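Just below is one structure, and these are the notes that go with it.
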Amino acid sequence: MLTRRDYLKQGVLAGCGLAVMGAQALLADPNPNLDARIGGRDSLKVHAHKYGRLAGCAVSAANLQDEAFKKVLTAQFSLVVAENAMKFGPVQPKPGVFNFEDADALVAFAERHNIKVRGHNFVWHEMLPAWFAGTVTKENAKRVLTEHILTVGGRYKGKIQSWDVVNEAIKVDDGRPDGLRKSPWFELIGPEYLEIAYRTARQADPRAKLTYNEYGIEDESDSAEKKRAATLALLKRLKASGTPLDALGIQSHISANTGAAFGKGLRELVNAAQAMGLEVYLTELDVNDDAVLDADEAVRDRVVAEVYRDFLNSALESKAVNAVLTWGLTDGHTWLNGMKSHKEKQPGRQQRPLPFDADYKPTPAFFAMRDAFDRSPSR
Ligand code: 9MR
């Protein structure tokens with residue numbers, strides 16, 4: 001007899017839909033919302049694979065305690081990234097003391113289910129541990145940085161598809177001609193912290209694609225235009241100095257009904273990255289719906305899906321883009337609900353930014369994503 005576990009496994013591995021597995025299994029399914037139309041060959045990952053791409057999402061430690069989440073994750077996605085578990089603070093809670101519990105659990109889960117893993121991240125101005133300020137000095141910062149990267153990167157050597165080595169290093173408003181953010185790492189080491197981080201990451205895990213990951217570079221606004229230019233200039237400098245760099249991550253935290261438009265600038269960014277020999281990933285896609293004033297969820301979902309469509313159709317015009325990850329899987333868990341601006345604009349309302357709603361039912365954004373894969377050029 002086919003157990004429920006076997007049945008799910010077969011559905012995923014063989015890429016077949018629920019329909020061919022029989023009504024019996026469907027009836028026994030405690031999560032009937034993952035319906036026959038979206039499993040197996042109709043899943044995001046299979047649609048992405050057809051064109052040589054990966055479909056991924058961010059996963060929290062709590063998500064892996066949730067059976068329904070895991071079922072949808074394995075059925076739909078071929079790539080995962082830890083939402084927080086691999087960041088500096090959680091991984092090195094005390095100087096030289098590492099905690100890999102959550103990160104190990106995600107990597108082991110992904111391995112068991114044949115899902116690739118992105119590493120996120122080695123160097124960021126946020127989520128540094130409390131001990132950082134005061135303990136890390138100009139004298140020891142390079143050592144702390146390289147030891148962290150060698151330890152974390154080394155632990156997962158050969159298991160990571162790509163590492164976000166440096167995250168969000170550009171902040172035009174900080175006023176430097178090179179656009180670099182005056183982050184703790186910058187203040188301690190100077191601009192060369194980037195090159196040191198990439199070289200060390202290559203040493204730690206030579207097979208991982210080393211990525212630079214940035215937000216606010218997607219749309220046609222002046223601020224995005226400036227940030228794009230600074231980001232590209234940074235990538236060019238890194239390449240020119242022989243720094244090992246393989247990919248650009250375009251985070252893609254975007255908003256509905258804000259007048260943001262996508263097209264020329266996004267295309268130019270992707271093409272410029274490609275011309276430098278970089279792969280491009282859309283690493284953290286979600287659509288903030290605070291500016292959609294209509295309370296009706298169906299209306300909000302349609303507006304969000306249109307933004308997915310518009311954005312992805314532009315971004316996926318290029319063969320260079322080979323992975324699309326959403327920042328979370330279900331509306332039941334999204335960082336956007338914790339944003340200060342959200343609490344001010346839409347107090348008490350839950351955001352609906354992702355391809356599955358809180359009951360794991362596919363949202364219109366799911367179908368928009370799948371359609372965008374189908375329209376994309378084969379790689
Ligand atoms: O979603 C993440 C949230 O749970 C954390 O509190 C926050 C700070 O570590 O980071 C969020 O993820 C961010 C990602 O790591 C980098 N790009 C922006 C994401 C949203 O803030």
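Using the crude model of +1 on Lys and Arg Cβ and -1 on Asp and Glu Cβ, and no other charge, please compute the dipole size for the chain relative to its Cα centre, in debye to 20.
So the dipole magnitude of the chain works out to roughly 1240 debye.
Non-local amide H neighbours of Ala291 (under 5 Å, H modeled in plane, Pro and chain starts lacking H): which ones?
Excluding prolines and chain starts, which carry no amide H, the hits are Ala256.
Please name which of Tyr360, Thr326, Val303 has its Cα lying farthest along the dipole of region 289-361 towards the positive end, using unit charges on Cβ (Lys, Arg +1; Asp, Glu -1) and the Cα centre as origin.
The Cα lying farthest towards the positive end belongs to Thr326.
Compute, for region 227-318, the length of the dipole vector about the Cα centre, with Cβ point charges of +1 (Lys, Arg) and -1 (Asp, Glu) only. Units Debye, rounded to 20.
780 debye
As I understand it, the value is the acute angle between the Cα axis of helix 67-76 and the longest principal axis of the Cα atoms of the chain; what does it come to in degrees, rounded to 10?
Rounded to the nearest ten degrees, it is 80.
For a 20 Å ceiling on Cα separation, which of these pairs sit above it: Lys45/Lys157; Lys71/Lys209; Lys171/Lys345; Lys71/Lys116; Lys87/Lys138; Lys138/Lys182?
Beyond 20 Å: Lys45/Lys157; Lys71/Lys209; Lys171/Lys345; Lys87/Lys138.
Can you tell me the dipole magnitude for region 58-113 around its Cα centre, using point charges on the Cβ only (Lys, Arg +1; Asp, Glu -1), in Debye to the nearest 20?
80 debye
From the phi of every residue in region 57-65, what ³J(HN,Hα) in whole Hz does the Karplus formula 6.51 cos²θ - 1.76 cosθ + 1.60 yield, where θ is phi - 60° and glycine or proline is x?
7, 7, 10, 9, 4, 5, 4, 6, 8
When the accessible area of region 172-286 is split by element with a 1.4 Å probe, what percent falls to carbon and sulfur?
49 percent
So how exposed is Asp178, as accessible area in Å² (1.4 Å probe, rounded to 10)?
For Asp178, the solvent-accessible surface is approximately 40 Å².
Rounded to the nearest 10 Å², what accessible area does Ser221 have for a 1.4 Å probe in the complete protein model?
40 Å²
For helix 193-204, what angle does its Cα long axis make with the longest principal axis of the chain, in degrees from 0 to 90 and rounded to 10?
Helix 193-204 sits at roughly 60 degrees to that axis.
Under the classification rounded if a/c is under 1.5, otherwise prolate if a/b is larger than b/c and oblate if not, where does region 197-258 fall, given a ≥ b ≥ c as square roots of the Cα gyration tensor eigenvalues?
Because a/c hits 1.5 or more and a/b fails to exceed b/c, region 197-258 counts as oblate.
Under a cut-off of 21 Å between alpha-carbon atoms, report the lysines in cross-link reach of Lys264, not counting same-chain residues fewer than 8 places apart.
Lys226, Lys227, Lys236, Lys319
The values are calculated or read from the model by the stated rules, or taken from the named source; none is laboratory data. Here the structure is a predicted model, which is why all the values come from computation and not from measurement. A quick note on method: Cβ atoms are made from the backbone with ideal geometry, for glycine too, and the neighbour counts reach across all protein chains shown. The accessibility values were calculated without ligands, DNA or RNA, using every heavy atom of the protein model including side chains. Shrake-Rupley method; radii C 1.70, N 1.55, O 1.52, S 1.80 Å.
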